[in-house]
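Asker: I'd like to ask you about the structure that follows.
The values are calculated or read from the model by the stated rules, or taken from the named source; none is laboratory data. Keep in mind that this is a model prediction, so the values were computed, not measured. Every residue, glycine among them, receives a Cβ derived from its backbone with ideal geometry; neighbour counts consider all protein chains shown.
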Amino acid sequence: MVAPNGARRSKADHPHLPITPDELAEAAAQAVAAGAAAIHLHVRDEEGRHSLDPERYRMAVSAIRARVGRDPVIQISTESVGLYEPEEQMELVRSLWPEAVSLAIRELVPDDTPAAERRARVFFWELAEAGVWTQFILYDRQDILRFHALRERGVIAADRPFVLLVLGRGATLADLPAMLHALSGPHARKTVEWMVCGFDRLELPAAATAIALGGHVRVGFENNLRLADGRQAPDNAALVRQLEPLWRALGRRPLAPSALRQCLKAAQLASLPRRPAEAEKSSASLEMRKAGG
């Protein structure tokens, strides 16, 4: 997966950071040609600031699809960046019913109150019902333990969830073994698919560790702007290409978009939970998603 822009960096950080729909489409095309199977997408407003505007997402997704076709998975971000409340993050997803979405547990379920858990339980069920691939973002071991607790309480009912472990925003590379142990250890109920991203100098060692241990990898300008030798990367595709020697040396091949979709479909079929008693979903919006509307 490539994360080409993120919510915080600007062209002052890198002149080729993609911001507009056309720039995102170009970056996506280059990254897909370099081997990326999925695009993690953020959008910005007219001033270049982070936005959760559904229409801006529609324009960006449309531009990317026009350039690269249906192959890569496009995952939208719901990141708050301290600007949006959980209800606003959920409303973005309900406005779009995207193919894929990333959700930070600590943002979408900010506390363990009954009201917060009820709201999240219904939302996560709606995502599963609509066939939206959901990736849960976990920043440290405590996030992982809370993730398992939410699964035990039925807030997250997925049997085979997919998570992103983030290094460089609290957790370090040295913390990754403990995080993986917590993810698959005695607290875990069932299989968890996992991906790793690392910020700045942690990006490449995090990717190498994930490839070696059977995980998935996310790289890109959201996380890091520099190549292994310290030079500024010319574009996102260069960060994808520099993983090629790691894949070869460790005897693995990155997933093609079709293989990734098969993996996600299997996870979705294994993960469809029962409808929560408190669910009051919009049947029309879910039927639109199923029909591709």
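Asker: Mind listing just one residue for me: the one in region 45-55 that is free of Cβ contacts under 8 Å to residues at least 24 places away in the same chain and of a type outside the set (D, E) and, of those, surrounded by the fewest Cβ atoms within 10 Å (Cβ to Cβ)?
Answerer: Among those residues, the one meeting the criterion is R49.
Condition check ((1) aliphatic (A, V, I, L, M); (2) closer than 24 Å to V240 by Cα; (3) surrounded by fewer than 22 Cβ atoms within 10 Å (Cβ to Cβ)) across all residues:
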| position | (1), (2), (3) |
| --- | --- |
| F123 | no, no, no |
| H148 | no, no, yes |
| L180 | yes, yes, yes |
| G215 | no, yes, yes |
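Per-residue answers, yes or no, for (1) at pLDDT 95 or above; (2) charged (D, E, K, R); (3) not in a helix (DSSP H, G or I):
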position: E129; (1), (2), (3): no, yes, no
position: I137; (1), (2), (3): yes, no, yes
position: H148; (1), (2), (3): no, no, no
position: R160; (1), (2), (3): no, yes, yes
position: L165; (1), (2), (3): yes, no, yes
position: A182; (1), (2), (3): no, no, no
position: K190; (1), (2), (3): no, yes, yes
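Asker: Which of the helices (runs of 4 or more DSSP H) found entirely inside region 220-293 contain at least 1 residues meeting this: surrounded by 12 or more Cβ atoms within 10 Å (Cβ to Cβ) and at pLDDT below 65?
Answerer: 257-271, 283-290
Asker: So V155 passes all but one of these: (1) β-branched (V, I, T); (2) over 27 Å from V2 (Cβ atoms); (3) part of a helix (DSSP H, G or I). Which condition number does it fail?
Answerer: For V155, the exception is condition (3).
Asker: Residue by residue through region 66-84, note down the ones that are in a loop (DSSP other than H, G, I, E, B) and not small (G, A, S). Step through it out loud before you land on a result.
Answerer: Of all residues in region 66-84, those in a loop (DSSP other than H, G, I, E, B) come to 69-72, 78-84.
Those that are in a loop (DSSP other than H, G, I, E, B) and not small (G, A, S): R70, D71, P72, T78, E79, V81, L83, Y84.
Asker: If I ask for residues that are under 20 Å from L255 (Cβ atoms), surrounded by 14 or more Cβ atoms within 10 Å (Cβ to Cβ) and either more than 16 Å from the chain's Cα centre (by Cα) or not aliphatic (A, V, I, L, M) (or both), which ones from region 185-205 would you list?
Answerer: Correct list: E193, W194, C197, G198, E203, L204.
Asker: Next question, about the same structure. Can you pull out every residue in region 17-30 that is crowded, with 18+ Cβ neighbours inside 10 Å and either assigned to a loop (DSSP other than H, G, I, E, B) or of a type in the set (S, T, N, Q) (or both)?
Answerer: Residues satisfying the conditions are L17, P18, I19, Q30.
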